[in-house]
1. Just for segment 52-76: of the residues that are away from the ligand (no atom under 14 Å from the Cβ) and either assigned to a loop (DSSP other than H, G, I, E, B) or in contact with a helix residue (DSSP H, G or I) (Cβ under 9 Å, 6 or more places away or on another chain) (or both), which one is nearest to residue 37 (Cα to Cα)?
2. Can you list residue pairs whose Cβ atoms sit under 6 Å apart, with the first residue in segment 158-176 being at positive phi and the second being within 13 Å of the ligand (Cβ to nearest atom) and in a helix (DSSP H, G or I)? Count only pairs 6 or more apart in sequence or on different chains.
3. What about residue 217, is it within 22 Å of residue 145 (Cβ to Cβ), surrounded by fewer than 16 Cβ atoms within 10 Å (Cβ to Cβ) and either without any contact (Cβ under 8 Å) to a residue 40 or more places away in the chain or within 16 Å of the ligand (Cβ to nearest atom) (or both)?
4. Which pairs do you get when a residue that is closer than 18 Å to residue 64 by Cβ, found in segment 33-53, comes within reach of a residue that is more than 13 Å from the ligand (Cβ to nearest atom) and in a strand (DSSP E or B), reach meaning Cβ atoms under 6 angstrom, with the pair 6+ apart or on two chains?
5. When you scan segment 191-229, how many residues do you find that are in contact with a strand residue (DSSP E or B) (Cβ under 9 Å, 6 or more places away or on another chain) and closer than 29 Å to residue 31 by Cα?
6. Answer yes or no: is there a residue in segment 105-128 that is more than 10 Å from the ligand (Cβ to nearest atom), under 25 Å from residue 188 (Cβ atoms) and touching a strand residue (DSSP E or B) at 6+ places or on another chain (Cβ under 8 Å).
7. Return the only residue of 192, 184 being surrounded by fewer than 18 Cβ atoms within 10 Å (Cβ to Cβ), touching a residue at least 12 places away in the same chain (Cβ under 8 Å) and either farther than 23 Å from residue 84 by Cβ or in contact with a helix residue (DSSP H, G or I) (Cβ under 9 Å, 6 or more places away or on another chain) (or both).
8. If a residue has to be over 30 Å from residue 235 (Cβ atoms) and crowded, with 19+ Cβ neighbours inside 10 Å to count, how many in segment 110-130 make the cut?
Ligand SMILES: NC(=O)c1ccc[n+]([C@@H]2O[C@H](COP(=O)([O-])OP(=O)(O)OC[C@H]3O[C@@H](n4cnc5c(N)ncnc54)[C@H](O)[C@@H]3O)[C@@H](O)[C@H]2O)c1
């Protein structure tokens, strides 16, 4: 089946890499008009070369940049049916008593939570006007469980916040036909997880052992769930979380 998003306008953040890039390419293949953004121009260029329109650099923690991104969609298409907030900072990892408030805690919360709030706030009038819209935000396995392997107090706080914020967005969006859901991925192979050293060695082996299907995820494992949530197939689905994690949270 193809054309599941035929004619819909999708705003996708963080398309320069990983999950955001996978979603942008999959949405385009399913017939959506996609406008992406990223803070990193080189990464954005690589995605644009694969046929997706990308605005860069856009720093989504800066309200004026967020406005510029949403305005670009409005000017280009005059509407927005889908907002996917895939962008996020590579979170700072440190034990609680060693985590610096200004240099590590605040940037992690801004780069995981503020940018989701800012994009939703800015796009809300366009999503309301669409009357049948879908917001997809990214929680994590770490919205539900702590990690013995890595010190991630700010990351757990940030991803817990995205999960609960999205339920409230679903409540506020309901009367306007805006659905809001989270996807909570397990360990997916992306530049962020490679940088965290999670894809090789004993850390990776421990993570693979926790899955029920014996492998880490790839961006397309997540993108297929996003296609479903963005499409009219999911028109009765809101305020929900989808754990796409190879079974990690099940056992
Ligand atoms: N990869 C995983 O294993 C995993 C697991 C659970 C949750 N997630 C979540 O899924 C989402 C995507 O993760 P990913 O692994 O693909 O990340 P990634 O680092 O591969 O890609 C994120 C993209 O966002 C961009 N970005 C970062 N800060 C930005 C900003 N302020 N403004 C604009 N763009 C910005 C980066 O340049 C990058 O291209 C994130 O919310 C992440 O927390 C990922």
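1. Residue satisfying both the conditions and the ranking: 53.
2. Within 6 Å, no pair qualifies.
3. Working: within 22 Å of residue 145 (Cβ to Cβ): yes; surrounded by fewer than 16 Cβ atoms within 10 Å (Cβ to Cβ): no; either without any contact (Cβ under 8 Å) to a residue 40 or more places away in the chain or within 16 Å of the ligand (Cβ to nearest atom) (or both): yes.
No, not satisfied.
4. Listed pairs, sorted by first residue: 35/53.
5. Residues flagged as in contact with a strand residue (DSSP E or B) (Cβ under 9 Å, 6 or more places away or on another chain) and closer than 29 Å to residue 31 by Cα within segment 191-229 amount to 11.
6. yes
7. On the way: 184 fails: surrounded by fewer than 18 Cβ atoms within 10 Å (Cβ to Cβ).
That would be 192, the only listed residue that is surrounded by fewer than 18 Cβ atoms within 10 Å (Cβ to Cβ), touching a residue at least 12 places away in the same chain (Cβ under 8 Å) and either farther than 23 Å from residue 84 by Cβ or in contact with a helix residue (DSSP H, G or I) (Cβ under 9 Å, 6 or more places away or on another chain) (or both).
8. Here the count works out to 1.
The values are calculated or read from the model by the stated rules, or taken from the named source; none is laboratory data. Predicted, not measured: the structure shown is a model, and the values here were computed from it. All Cβ positions, glycine included, derive from the backbone under ideal geometry; neighbour counts span all protein chains shown.
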